[in-house]
Amino acid sequence: MTNVIEKARELLRRKSVAITVGIMALAVVLAAVSVPFFVSDKVDEIAYSEFSRELGEGKVSRIQVQDGGLTVWTGDQSAFVRLPSSMLTAQIIDRATASGAQVDFKKSGIDPSHAASFVISLIMVVAVLALVAVQVDFKPTNRWPRTVRNIPDRFDGVAGQEEAKAELQEVISFLRDGQAFENVGARIPRGVLMVGPPGTGKTLIAKALAGEAGVSFIAVSGSDFSAPLIGIAKGRVSKLFEQARRKAPCLIFIDEIDAIGRKRGGGGSAADREFESTLNQLLVEMDGFNTSSGVIVIGATNRVDVLDPALLRPGRFDRQVHIGLPDITGREAILAVHARNVKLAGGVDLASIARGTPGFSGADLGNLLNEAAIFAAREGVAEIDREHLEAARNKIIMGLERRSLAITSEERRLVAVHEAGHALCACLTPGSDKVHSATIIPHGQALGLVMRLPENDRYCIPVEKLEADLIVAMGGRAAEEVVFGPRKVTTGAASDIAHATNIATRMVTEWGMSPAIGMMKVARSGESFPREVEQEIRRIIEEMYAAAKTCIEDNREALDRLVAALLENETIDGDEVRRIVALSERRLAA
Ligand code: ADP
Ligand code: ZN
């Protein structure tokens, strides 16, 4: 990551130098161009009365009519006379002709000598611009992409992210000993996508992967492939892979791969075509290297959904490793890794800092220790104590709030109640999929999440299952209402409501599951369904909401335990959810 930033900075620095030089050259050229315009027209001006007198005395030998006035020759001197109206001009032309002066008209616009200098300077401007572009574009490619050998990073420098590390073990063994895999005919990955929010250690993991495997590491960023000149970006893709093949075995890391791999829009503009040809080149290169060439590409992105599907096909980036924000234990581990580089006072409890930093990424945590060290240094003390850490945490949270990531403790409790409601209903409603995990760590747009795993793929879904899904969907809002009261429910259920409405609508209008409507497909007329249909949809959702509420009221103790567990651990797995719910049930029975 730091490498990438450095490179970007360097590029920018160079770019700005080039641009400044370009602009200066442009200014000089423009000034040179405009000089003749000003200079040649800068002649003496005389008053109309004087001119009129001289004309009357027959001293004027020639007049040249032009916009806004005349140039007048008396003897070998010329002067300009300002004339406000064309009527006056017409009279003067008559008088001048009568007095025997030569009369002619200045061609409007630029005279030929000026036009020539204009064209010449235009050519110069274009030349300068081209020069600037060349500066910006070709220079960095001399050292781009940079290959690093003997990467010192190892997996033990990456705290937490155990699942990701386990998934990547195979890639390590392949890079170490590709031939063995090849010999037994195993299909070897060429591309792996690491998906997750910024600062979660994707770059760090990729580097450590190269370090563990002992192969060369080439890091580039998707933004390296946005070049202003046609064909450059495509050329860089080829250059990247050519270098990788030369340095094999090696690992290519493409940060922000969405910048080069987003969906092709098929737009007709030059930029669209340029973008598509760059992406196509990437696809061609990925297909081109066979697995024995010892090159693996790792792409990092926060958004798989914007990637072109062609990138995700088998043989390209066909594996995804998810890198999420760390949970409380992950955060503690990350703090411990970074604490190796600073001096902590005895008695500083990293676990309690981890508890106080929900929503922090690994980068934020590294930053926290760094800020705390700065606070301590400012005070002139040698060790970081609790207060420095607190101050650093608050400073970073302020930044996070601007990013609207960190949530207040009140909101945290609210999210915990909401998610506990979903989890409880999922546990206790027959026909629901099993809970896999529940979390109050933000995921994408959602502030929390209860994940359920279907036992097997379902193609025919029974009413019972649909109703269970509806009860689970309503469980979040129902818990909010039961715990905080009807006046305190929040906007947090918007996507649950959308999901439930969608299911209920299809039950009524497509799947013939409403006795009142019967087995009939109903189409919308305009925006809405017929009134009876809308009523049925509402009835179903309301009944399921009531069921969810009853479930929560009847198992309030279990709900409260789930809330407490979520607040404590942030993520609890399905077994833990079931254990907590069963515990309370047994108590009820006793
Ligand atoms: P990403 O590529 O996902 O944006 P980086 O790999 O650049 O994130 O992480 C930025 C920094 O955050 C790293 O250099 C490291 O200091 C710290 N960091 C992030 N995740 C971890 C982790 N799991 N363990 C240790 N440090 C981490
Ligand atoms: Zn919800």
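The values are calculated or read from the model by the stated rules, or taken from the named source; none is laboratory data. No experiment lies behind these values; they were computed from the predicted model shown. Here the Cβ positions follow ideal geometry from the backbone for every residue, glycine too, while neighbour counts run over all protein chains shown. Please note that ligands, DNA and RNA were not included when accessible areas were found on the heavy atoms of the full protein model with its side chains. Shrake-Rupley method; radii C 1.70, N 1.55, O 1.52, S 1.80 Å.
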Quiz prompt | Matching entry among Ala493, Ala498 (being open to solvent by 50 Å² or more (accessible area, probe 1.4 Å) and away from ligand 1 (no atom under 16 Å from the Cβ)) | solution = Ala498
Quiz item: Any idea which residue in the range 452-469 is modelled with the highest pLDDT, counting only those that are open to solvent by 50 Å² or more (accessible area, probe 1.4 Å) and assigned to a helix (DSSP H, G or I)?
Solution: Glu467
Practice problem: With respect to Glu553, determine if the residue is away from ligand 2 (no atom under 16 Å from the Cβ), part of a helix (DSSP H, G or I) and either under 30 Å from Gly359 (Cβ atoms) or touching a helix residue (DSSP H, G or I) at 6+ places or on another chain (Cβ under 8 Å) (or both). | Solution: yes
Quiz item: What about Leu282, is it under 21 Å from the mean Cα position of the chain (by Cα), open to solvent by 50 Å² or more (accessible area, probe 1.4 Å) and closer than 23 Å to Gly178 by Cα?
Solution: no
Quiz item: Among the residues of the range 148-205, which ones are among the acidic types (Asp, Glu), over 29 Å from Val284 (Cα atoms) and open to solvent by 80 Å² or more (accessible area, probe 1.4 Å)?
Solution: Asp156, Glu162, Glu163
Exercise. Could you run through the range 353-382 and say how many residues are more than 10 Å from ligand 1 (Cβ to nearest atom), closer than 19 Å to Met398 by Cα and small (Gly, Ala, Ser)?
Key: 5
Self-check item: The listed residue being open to solvent by less than 20 Å² (accessible area, probe 1.4 Å), closer than 24 Å to Asp433 by Cβ, more than 16 Å from ligand 1 (Cβ to nearest atom) and in contact with a helix residue (DSSP H, G or I) (Cβ under 9 Å, 6 or more places away or on another chain), out of Val472, Val482
Solution: Val472
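If you go through the range 513-538, how many residues are surrounded by 14 or more Cβ atoms within 10 Å (Cβ to Cβ) and either on the phi > 0 side of the Ramachandran plot or out of contact with any helix residue (DSSP H, G or I) (no Cβ under 9 Å at 6 or more places or on another chain) (or both)?
Residues of the range 513-538 that are surrounded by 14 or more Cβ atoms within 10 Å (Cβ to Cβ), as a first pass: 513-514, 517, 522, 529-530, 533, 535-537.
Now narrow it down to the ones that are either on the phi > 0 side of the Ramachandran plot or out of contact with any helix residue (DSSP H, G or I) (no Cβ under 9 Å at 6 or more places or on another chain) (or both): 530, 535.
Selection size over the range 513-538: 2.
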Practice problem: Find all pairs meeting these conditions: Cβ atoms under 8 angstrom apart; at least six residues apart or on different chains; first residue within the range 372-391 and touching a residue at least 12 places away in the same chain (Cβ under 8 Å); second residue of a type in the set (A, V, I, L, M, F, W, C) and loosely packed, with under 13 Cβ neighbours inside 10 Å. | Solution: Ala376/Ala382
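Can you confirm whether the range 505-518 contains a residue that is among the polar types (S, T, N, Q), assigned to a helix (DSSP H, G or I) and under 35 Å from the mean Cα position of the chain (by Cα)? Steps first, answer last, please.
Going residue by residue through the range 505-518, those that are among the polar types (S, T, N, Q) are 505, 509, 514.
The next check asks that each one be assigned to a helix (DSSP H, G or I); those that pass are 505, 509.
Still in the running and under 35 Å from the mean Cα position of the chain (by Cα): 505.
Checking the range 505-518: at least one residue is among the polar types (S, T, N, Q), assigned to a helix (DSSP H, G or I) and under 35 Å from the mean Cα position of the chain (by Cα).
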Self-check item: the range 60-75 residues that are free of Cβ contacts under 8 Å to residues at least 40 places away in the same chain and more than 10 Å from Asp104 (Cβ to Cβ), paired with ones that are of a type in the set (Gly, Ala, Ser) and open to solvent by 50 Å² or more (accessible area, probe 1.4 Å) (beta carbon under 6 Å, 6 or more apart)
Solution: Trp73/Ser61
Practice problem: Pairs only if they're at least six apart or on different chains, beta carbon under 9 angstrom, first in the range 143-159 and under 17 Å from Val237 (Cβ atoms), second more than 16 Å from ligand 1 (Cβ to nearest atom) and open to solvent by 100 Å² or more (accessible area, probe 1.4 Å); list them, first residue then second. | Solution: Thr147/Arg246
Quiz item: Of Leu424, Leu414, Leu389, which residue is open to solvent by less than 80 Å² (accessible area, probe 1.4 Å), more than 28 Å from Glu553 (Cβ to Cβ), at pLDDT 90 or above and more than 16 Å from ligand 1 (Cβ to nearest atom)?
Solution: Leu389
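Can you tell me how many residues within the range 221-254 are within 16 Å of ligand 1 (Cβ to nearest atom) and either part of a helix (DSSP H, G or I) or surrounded by fewer than 24 Cβ atoms within 10 Å (Cβ to Cβ) (or both)?
Step one: filter the range 221-254 for residues within 16 Å of ligand 1 (Cβ to nearest atom), giving 221-224, 251-254.
Imposing the further condition that a residue be either part of a helix (DSSP H, G or I) or surrounded by fewer than 24 Cβ atoms within 10 Å (Cβ to Cβ) (or both) reduces the set to 221-224.
Qualifying residue count for the region: 4.
Considering each of Gly315, Gly266, Gly347 in turn, give the residue that is surrounded by fewer than 16 Cβ atoms within 10 Å (Cβ to Cβ), away from ligand 1 (no atom under 16 Å from the Cβ), not in a helix (DSSP H, G or I) and not assigned by TED's automatic domain parsing to the domain that holds Glu162. Explain how you work it out, then say what you get.
Working: Gly315 fails: not assigned by TED's automatic domain parsing to the domain that holds Glu162; Gly266 fails: not assigned by TED's automatic domain parsing to the domain that holds Glu162.
That would be Gly347, the only listed residue that is surrounded by fewer than 16 Cβ atoms within 10 Å (Cβ to Cβ), away from ligand 1 (no atom under 16 Å from the Cβ), not in a helix (DSSP H, G or I) and not assigned by TED's automatic domain parsing to the domain that holds Glu162.
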